[in-house]
1. Taking the condition of being under 26 Å from the mean Cα position of the chain (by Cα) and part of a strand (DSSP E or B), how many residues in the range 126-148 meet it?
2. Just to check your reading of the model, which residue among SER193, SER229 is modelled with pLDDT under 95, of a type outside the set (A, V, I, L, M), on the phi < 0 side of the Ramachandran plot and assigned to a strand (DSSP E or B)?
3. Of all residues in the range 78-125, which are at pLDDT 60 or above, part of a loop (DSSP other than H, G, I, E, B) and farther than 21 Å from LEU59 by Cβ?
4. Residue by residue through the range 242-252, note down the ones that are surrounded by 13 or more Cβ atoms within 10 Å (Cβ to Cβ) and either in contact (Cβ under 8 Å) with a residue 24 or more places away in the chain or closer than 16 Å to ALA228 by Cα (or both).
5. Taking the criterion of being over 30 Å from VAL186 (Cβ atoms) and either touching a Leu at 6+ places or on another chain (Cβ under 9 Å) or at pLDDT 75 or above (or both), would at least one residue in the range 18-36 satisfy it?
6. Somewhere in the range 267-288, is a residue surrounded by fewer than 11 Cβ atoms within 10 Å (Cβ to Cβ), of a type in the set (A, V, I, L, M), within 21 Å of SER369 (Cβ to Cβ) and at pLDDT below 75?
7. Of all the residues that make up the range 208-223, how many are buried (at least 19 other Cβ atoms within 10 Å of the Cβ) and among the hydroxyl-bearing types (Ser, Thr, Tyr)?
8. Report, ordered by the first and then the second residue, all pairs with beta carbons closer than 7 Å, sequence separation of six or more or different chains, a first member in the range 53-77 that is within 18 Å of GLY126 (Cα to Cα) and assigned by TED's automatic domain parsing to the domain that holds ARG132, and a second member that is polar (S, T, N, Q) and at pLDDT 80 or above.
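The values are calculated or read from the model by the stated rules, or taken from the named source; none is laboratory data. Being a predicted model, the structure only gives us computed values, none of them experimental. Here Cβ is always computed from backbone atoms with ideal geometry, including for glycine, and neighbour counts include all displayed protein chains.
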Amino acid sequence: MTPFLRSLPLLALLWALPLGAAHADRIKDLTTMAAMRGNQLIGYGLVVGLQGTGDGSDLSFTTQSMKTLLNRMGVNQENPLSDFESSASGTGKIDLKNVAAVMVTADLPGMSKPGQRIDINVSAIGKATNLRGGSLLLTSLRGVDGQIYALAQGALTATGVDASAAGSKVSSGVTTAARIPGGATVEKAVDNSFDKADNVLLNLREGDFTTASSIIQAINAKFGGDVASALDSVSIVVRAPMDSSQRVSFMSMIENIEVQPGEPPARIVVNARTGTVVISRNVRVSAAAVSHGTISVSVAMTNEVSQPGMFSNGTTKEVQNADIKISEPNKPMFLFQPGVDLKQIVDAVNQVGATPSALIAILEALKSSGSLRAELLVI
């Protein structure tokens, strides 16, 4: 039995457990403040200290970048191209096999202030094969407006590993990408409207009219009838005090209010690569009969030797025989009654012993027939 099928009875057990009282969630877990949106940063830099796994001297932009960096530090190169040849030849001074050109990316959280540290991602863009053990040189990280918002530098943390010997190579993970936790320092804050606007805008993580209505009712019940209002199923406008300290305290109270969110839409998520299937509790199936089975054909080859009879002057010959068998598993058809729920779907799949690939095929067929009352997402 596959691990997936072993998990299906657990799903049925969880479904059978009493739900009890509905669980309330905090507003801070259901929404995000528009003023706290993150911003993406990007930069170009050099990684040094590699063990011969860098770009080498073949890439002109790596050579040009190193030349420019050294010139800024007062190291003049009269004939830079010859000086950047591999040290193995005995004619060069710097071995660019230990240097790699990289792109550096980061996510600048909302309301970040100068001096705070953020994580960065480093990815090779040249011929470098492994960034393990390297160090990123000082790199400027810019926003979409071209302004510098952070400076990055530090030793790389690479999880990918590769090894080769005798013509064989084994690798685990990605060796050309790495991270530096807290590797960048924020140099400039991004302007936001939290302390300037008359209202505070809350955006639901997942748009839902029921959830938005519940949040508005909870806020107005606590602070007054016109404090919160909805723009649509995603955005909620909240009137807040203009004083910064009072606004912070007010939003602290807002985000800790508990509300009952709306039920999520019926959805089935299928990972075709791993065979993982997640079915939400609101999935329903209309009346449908399903049968799934495959015909298998097996051919067995048998080699024999034919011996001639005594005194027959015959010759010995090889004879090839074939045994062909056709088998079709006896898979019973199961019937879905109108309005069947998750528990019955799981029980039916367990009865026929469907594999993950078979279950995916059944779900896609139900969706195509119009019997599946849910959104089917195949990732």
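1. Qualifying residue count, the range 126-148: 3.
2. Sole residue among the options that is modelled with pLDDT under 95, of a type outside the set (A, V, I, L, M), on the phi < 0 side of the Ramachandran plot and assigned to a strand (DSSP E or B): SER229.
3. Within the range 78-125, PRO109, GLY110, MET111, SER112, LYS113, PRO114, GLY115, GLN116 meet the criteria.
4. Matches in the range 242-252: ARG247, PHE250, MET251.
5. Yes, the range 18-36 has at least one match.
6. no
7. So the count comes out to 2.
8. What qualifies is THR53/THR129; THR53/ASN130; GLY54/ASN98; ASP55/THR62; SER57/THR63.
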